[in-house]
Amino acid sequence: MGVGGDQVSAAPAKSSDSPPISWTGPRSALPGSVGGVITVVGLRSYPVKGCAGVEHVAVDVGLMGLAHDRAFLVVGPGGVGRTQRRDPRLAVVRPEVVGEKLVLRAPGFGEVSAVVDTEGPRQDVTMFGDPYRGIDQGDEVAGWLTEVLQAPSRLVRVPPEHHRVIEGPTSGVSGFADSAAVHLLSLASYRQLCERIGGAAVPLDRFRPNIVVDGLPAHGEDDLRHCAIGPVRLGFTRLAVRCAVVQVDQTAGTRAGPEPLRTLAGYRRAKTGVTFGTKLSVITGGPIALGDELVPDQV
């Protein structure tokens, strides 16, 4: 069993003809649309909720999303989960899964690593007020996180028996993600937002998607009800409601002003809040890679 527990392990990298996408650079560095084909141009997992993402050329997808995605949660006193909403410094912590180990790094703080405990005692944790269980990952990691975040912190992992159902048109299970297991975003949506903002538009990494596709029109992802990427089948659960996290500089771990939330609020406000991107549940898992085609309306 790997670090992701009941999630499948990350697939080995394979070659791809898909152009690389810039998560942190200007939108001019992004590839253009690919005719009538919808193509996967970005893949990222976030092993520790709120911390930096890990880019993939190829990755396996399980029922709880990309391998290891949001399998870990940083908690404060009383087991209350930390997120970038209140703890933007989480963004400077860069996780890496190496076999059975989780390695954490941060500028100026070196690194810490631990063999992931999947069998230890469970403890109560909360996320957005809802109760869950987590497996504590030890004092060394806790001390390191406390120093980096400048606040008492510990790290817990989703236990193997974790079964959190996210309801929607397509319901599914999820780890410590905000809601459904997979967050998908179209490059055209991002380009349109950047044009509306003007000037120095915000980097793509502010939105923390798992899958970025090119070839859909702006906000075409809103209309995906079912889709396939190779053997993987995904179904619509809900739109992605945006919050203050998109205002956090993902490199510096600091709040960076009103954009893009201010502009989004002017044209993407719905009953549920300001939306941007879509949340999908996994119907069937399997490997996906950069350059794969997304086929809409497949079950």
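Bear in mind these aren't lab numbers, they're just calculated from the coordinates by the rules spelled out. Bear in mind the structure is a predicted one, so any value in this text is a computation, not a measurement. So basically every Cβ, Gly included, is an ideal-geometry build from the backbone, and we count neighbours across all protein chains shown.
Projected label points at Thr24 and Arg255, each 7 Å from Cα along the beta carbon direction, are separated by 2.3 nanometres.
Measuring spread by the Cα atoms of segment 65-174 yields a radius of gyration and Dmax of 14.0, 45 Å.
Only helices enter this figure: runs of n ≥ 4 DSSP H residues, each worth -39500 (n - 2.57), summed and divided by the residues of the chain, yield -3000 deg cm²/dmol at 222 nm to the nearest 500.
Based on C-alpha pairs under 8 angstrom that are at least 6 apart in sequence, segment 219-299 has a relative contact order of 50 percent. Output the 0 to 90 degree angle, nearest 10, between the alpha-carbon long axis of helix 139-149 and the longest principal axis computed from the alpha carbons of the chain. Its long axis makes an angle of about 50 degrees.
A simple rule links phi to the HN-Hα coupling: the Karplus curve 6.51 cos²θ - 1.76 cosθ + 1.60 with θ = phi - 60°, which for segment 120-133 gives x, x, 7, 9, 6, 9, 10, 9, 6, x, 8, x, 9, 10 Hz, with x for Gly and Pro.
For the Cα trace of segment 122-167, dividing Rg by the Kirkwood Rh returns an Rg/Rh value of 1.04.
Each of Gly230, Gly273, Thr251 was scored by the projection of its Cα onto the charge dipole of the chain, and the greatest displacement toward the positive side belongs to Gly273; charges sit on the C-beta of Lys, Arg, Asp and Glu.
Taken about its Cα centre, the chain carries a charge dipole of about 1000 debye when Lys and Arg each add +1 at the Cβ and Asp and Glu each add -1 at the Cβ. Using the Karplus relation 6.51 cos²θ - 1.76 cosθ + 1.60 with θ = phi - 60°, the per-residue 3J(HN,Hα) values for segment 272-286 come to 7, x, 7, 10, 6, x, 10, 10, 10, 9, 8, 8, 9, x, x Hz, with x marking Gly and Pro. Diffusion of the chain by Stokes-Einstein, at 25 °C in a medium of 0.890 mPa s and with Rh set to the Kirkwood radius over alpha-carbon pairs, works out to 127 µm²/s. The alpha-carbon of Lys271 sits under 12 angstrom from the alpha-carbon of none of the aspartates and glutamates, leaving out residues fewer than 8 places away in its chain. With a Förster radius of 35 Å applied to the beta-carbon distance between Val98 and Tyr267, the computed FRET efficiency rounds to 0.25.
Spread over its residues, the convex hull of the C-alpha atoms of segment 183-290 is 111 Å³ per residue. Inter-part distance, segment 163-203 to segment 210-253, computed on C-alpha centroids, equals 4 Å.
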